[in-house]
Amino acid sequence: MELIKPGTKIDFVSKMKWAAILSFICILATFILGLTKKLNYGIDFAGGIEIQIEFLKPVEIGRLRDALKPLNLGDVEVKRVGGEAFDRGYIIRTEMEEAGEKKDTVALLTSSLGERFGGYDENKLYTSLVGPRAGAEMRKKGFQAVFFSLVFLLIYIAVRFDLLFAIGGILALFHDVVITMGAIILTGREFNLTTIAALLTIVGYSINDTIVIYDRIRENSKKFRLKPFRDLVNASTNETLSRTILTSLTVLFTVSVFFIMGRGTIKDFAFALLVGMVSGVYSTVFIASAFVIFWKNYIGPRFTKKRA
């Protein structure tokens, strides 16, 4: 199926300068946001107790928060659970210094809230525990997973194409990860292991699109050896545009359903994917190839002149 007619000549290269400026502003804004507004770490990374409880009668979230204040549990986060249990199902997260506090905290919460709000469904009571040290270690491992995925992809692209293409591809992936992180910080969404999974999915998806365009550039460079490199990039991007649009729309429609219908971690996972995949399409067209053009047209010739 061809959405874009053969012979289409959209001048992507002429817009790469403005795209690069926009990306720089967005990345800078993300770093400033990261310094001024901390990540909302989930229980996976921050440590603490998470209790999912479903009351037998509807309970207003404001009344539930007021009932938790006298218990002196430190910072407490309350979130609704969607579905049929809306206004009855809640997730309560609270800090915890020692692992031995779990039993006491759960007993205190369930007994106090059950008495005040008319009981809860014991079969739908779920608790999970992550100690502060374990949370910090998981946070470290999560960031390492994203970092090493970028390193190994850099090596893979350098072997398959060349180092110049590899750097362009990694810059595009770095762009996608940072933009997604910025959206998560801005919206105050929880950052947990599910978010790390979303970031790794974005990295894999985005590099796949980039490799497709790189492959077409390599094919065209063999066919048209005398053609300027910027023209090769334009032609290759236009030739793969139908494939990029069809693939992206298929994924976006699917992820959008998860985002609209999902709740809790599923919704957060879908949100990260939506932002990352849109950013991935943008960076594949305007970031990955733009770096290669910039190097070949400006940086490379200057090195050649100095050597001469």
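The values are calculated or read from the model by the stated rules, or taken from the named source; none is laboratory data. From a predicted model like this one, the values you see are computed outputs, not experimental measurements. All Cβ positions, glycine included, derive from the backbone under ideal geometry; neighbour counts span all protein chains shown. Calculation scope for accessible area: heavy atoms of the full protein, side chains included, ligands and nucleic acids excluded. Shrake-Rupley method; radii C 1.70, N 1.55, O 1.52, S 1.80 Å.
Do we find a residue being part of a helix (DSSP H, G or I), of a type in the set (Phe, Trp, Tyr), out of contact with any strand residue (DSSP E or B) (no Cβ under 9 Å at 6 or more places or on another chain) and more than 23 Å from Ser14 (Cα to Cα) anywhere in the stretch 225-232? Taking every residue of the stretch 225-232 in turn, none turns out to be part of a helix (DSSP H, G or I), of a type in the set (Phe, Trp, Tyr), out of contact with any strand residue (DSSP E or B) (no Cβ under 9 Å at 6 or more places or on another chain) and more than 23 Å from Ser14 (Cα to Cα).
Against the condition open to solvent by 50 Å² or more (accessible area, probe 1.4 Å), of a type in the set (Asp, Glu) and at pLDDT below 80, how does Glu2 come out, does it pass? Walk me through how you get there before you give the answer.
Numbers: open to solvent by 50 Å² or more (accessible area, probe 1.4 Å): yes; of a type in the set (Asp, Glu): yes; at pLDDT below 80: yes.
Against the criterion (open to solvent by 50 Å² or more (accessible area, probe 1.4 Å), of a type in the set (Asp, Glu) and at pLDDT below 80), Glu2 qualifies.
If you take the residues in the stretch 33-52 that are aliphatic (A, V, I, L, M) and assigned to a helix (DSSP H, G or I), which one is surrounded by the fewest Cβ atoms within 10 Å (Cβ to Cβ)?
Restricting attention to the stretch 33-52, the residues satisfying the condition of being aliphatic (A, V, I, L, M) are 33, 35, 39, 43, 46, 49, 51.
Of the ones still in play, those that are also assigned to a helix (DSSP H, G or I) are 33, 35, 43, 46.
On the way: Leu33: 14, Leu35: 8, Ile43: 22, Ala46: 22.
Residue satisfying both the conditions and the ranking: Leu35.
Tell me, please, whether a residue that is at pLDDT 80 or above, hydroxyl-bearing (Ser, Thr, Tyr) and in a strand (DSSP E or B) can be found in the stretch 7-30. No; the residues of the stretch 7-30 include none that is at pLDDT 80 or above, hydroxyl-bearing (Ser, Thr, Tyr) and in a strand (DSSP E or B). Taking each residue of the stretch 36-48 that is basic (Lys, Arg) and looking for partners that are open to solvent by 40 Å² or more (accessible area, probe 1.4 Å) with beta-carbon atoms closer than 9 Å, six or more apart or interchain, yields Lys37/Leu186.
Does Tyr120 satisfy the condition of being over 21 Å from the mean Cα position of the chain (by Cα), farther than 26 Å from Ser23 by Cβ, buried (at least 20 other Cβ atoms within 10 Å of the Cβ) and at pLDDT 80 or above? Before the answer, list the steps.
Details: over 21 Å from the mean Cα position of the chain (by Cα): yes; farther than 26 Å from Ser23 by Cβ: yes; buried (at least 20 other Cβ atoms within 10 Å of the Cβ): yes; at pLDDT 80 or above: yes.
So Tyr120 fits the description; yes.
Checking the structure you have, find out if any residue of the stretch 81-103 is closer than 21 Å to Thr195 by Cβ, at pLDDT below 75, open to solvent by less than 70 Å² (accessible area, probe 1.4 Å) and out of contact with any Leu (no Cβ under 8 Å at 6 or more places or on another chain). Taking every residue of the stretch 81-103 in turn, at least one turns out to be closer than 21 Å to Thr195 by Cβ, at pLDDT below 75, open to solvent by less than 70 Å² (accessible area, probe 1.4 Å) and out of contact with any Leu (no Cβ under 8 Å at 6 or more places or on another chain).
For (1) open to solvent by 30 Å² or more (accessible area, probe 1.4 Å); (2) in contact (Cβ under 8 Å) with a residue 12 or more places away in the chain; (3) touching a strand residue (DSSP E or B) at 6+ places or on another chain (Cβ under 9 Å), each residue gets a yes or a no:
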position	(1), (2), (3)
Thr127	yes, yes, yes
Glu137	yes, no, no
Leu154	yes, yes, no
Asp176	no, yes, no
Glu190	no, yes, yes
Leu193	yes, yes, no
Ile196	no, yes, no
Ile202	no, yes, no
